[in-house]
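Chemist: Can you keep this structure in mind? I'll have questions shortly.
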Amino acid sequence: MPNNALYMYGVVRCGFDLNWKENGINGENVYAISGGKFSALVHDCEEKPYAPKEPNEVKELIIAHSKILNRAIEDFGGVIPSNFNTIIKNNGNLSKNNLKKWLKDEQERLERTWNKVRGKREYGLRIYYEKDKFIQEASENNRVRKIKESINGKEGGLSYLLQCKVKSKIKDLVQEKIIRLKQEVCNNIKNITENTVINPSSILLDEEKDLLLSLSVLIEEEKVSGIKEILEKSKEEGLSFHLAGPFAPHSFI
């Protein structure tokens, strides 16, 4: 079957066609097709997505896709990434013409997005709290201690109710601390970059994992050290973290 479609990696601000001479998925030659001020990075492909059966093969394809995006950031100063397996089909017209028309039609939106991601990369942050340590700290709180002392000499239902009150108060104190730390970390990071996405996470105590916060940030490379300083300082509050990246800015497109 002839390669009559285009696999698109992403869009860069480049107003002309370009034989980029980079090798993408399966070693395919990646080049740029322009439409106005922007160009799409593509390679020729069939009109169907890549769907290998082996998970490792899928992983290799995604890695190859990501490598092209990272190289685009280096060569063009940024990239508006496409998701893996974005295929531009013919649909009654040449795929190249369809792509050029889309680039021209979307030029205003692409310009706004480009101004947001230019010169920046995405990092993923996962911040954890020590659940046992927080519970122990709450157990030694004066309010909890007073409730415990009031149990002395009590029996039966009253004793049981007071013990339940102790557990409830400990849980409340831990939740309060978690919420406070979550807000503080978010605010400190937003002071460095407003381009922050909070990924959904739970802070329930009965959760197996002790994930405090999951964030994606879009930031200039020279400011990453500031993020690391904030994360290192958070250790004083009993937190730990994992910093991943840099990546193309998928979370901000």
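The values are calculated or read from the model by the stated rules, or taken from the named source; none is laboratory data. Source: prediction; values computed, not measured. All Cβ positions, glycine included, derive from the backbone under ideal geometry; neighbour counts span all protein chains shown.
Chemist: Between residues in the stretch 177-198 that are without any contact (Cβ under 8 Å) to a residue 24 or more places away in the chain and residues that are in a helix (DSSP H, G or I), which pairs lie under 8 Å by C-beta distance while being six or more apart or on different chains?
Modeler: Hits for this filter: 196/186; 196/189; 196/190; 198/186.
Chemist: For the stretch 114-136, give me the residue count where each residue is of a type in the set (Val, Ile, Thr) and either over 17 Å from the mean Cα position of the chain (by Cα) or over 25 Å from residue 247 (Cβ atoms) (or both).
Modeler: In the first step, residues of the stretch 114-136 are kept if they are of a type in the set (Val, Ile, Thr); the result is 117, 127, 135.
Checking the rest, the ones that are also either over 17 Å from the mean Cα position of the chain (by Cα) or over 25 Å from residue 247 (Cβ atoms) (or both) come to 135.
Residues that pass the stated criteria total 1.
Chemist: OK, next. Quick one: residue 205 ticks every box in (1) in contact with a helix residue (DSSP H, G or I) (Cβ under 7 Å, 6 or more places away or on another chain); (2) in a helix (DSSP H, G or I); (3) modelled with pLDDT under 90 except a single one, so which number is it?
Modeler: (2)
Chemist: Given (1) surrounded by 18 or more Cβ atoms within 10 Å (Cβ to Cβ); (2) at pLDDT below 95; (3) under 18 Å from residue 107 (Cβ atoms), where does residue 20 come up short, assuming only one miss?
Modeler: (3)
Chemist: Can you pull out every residue in the stretch 46-61 that is hydrophobic (A, V, I, L, M, F, W, C), surrounded by 12 or more Cβ atoms within 10 Å (Cβ to Cβ) and either modelled with pLDDT under 95 or part of a loop (DSSP other than H, G, I, E, B) (or both)? Walk me through it before giving the result.
Modeler: Keep residues of the stretch 46-61 that are hydrophobic (A, V, I, L, M, F, W, C), which gives 51, 58, 61.
Those still in the list that are surrounded by 12 or more Cβ atoms within 10 Å (Cβ to Cβ) too: 58, 61.
Of everything in the stretch 46-61, just one residue is hydrophobic (A, V, I, L, M, F, W, C), surrounded by 12 or more Cβ atoms within 10 Å (Cβ to Cβ) and either modelled with pLDDT under 95 or part of a loop (DSSP other than H, G, I, E, B) (or both), namely 58.
Chemist: Could you list, in sequence order, the residues of the stretch 114-143 that are touching a Pro at 6+ places or on another chain (Cβ under 9 Å) and more than 25 Å from residue 212 (Cα to Cα)? Talk me through it step by step, then tell me what you get.
Modeler: Kept after step one, since they are touching a Pro at 6+ places or on another chain (Cβ under 9 Å), are these residues of the stretch 114-143: 116-117, 120-123.
Scanning the stretch 114-143 gives 116, 117, 120.
Chemist: Looking at the stretch 77-92, which of the residues that are under 17 Å from residue 247 (Cβ atoms) and of a type outside the set (A, V, I, L, M, F, W, C) is surrounded by the most Cβ atoms within 10 Å (Cβ to Cβ)?
Modeler: Narrowing the stretch 77-92 to residues under 17 Å from residue 247 (Cβ atoms): 77-84, 86.
This time we only want the ones that are of a type outside the set (A, V, I, L, M, F, W, C), so: 77-78, 81-83, 86.
On the way: 77: 15, 78: 24, 81: 28, 82: 22, 83: 11, 86: 16.
The qualifying residue surrounded by the most Cβ atoms within 10 Å (Cβ to Cβ) is 81.
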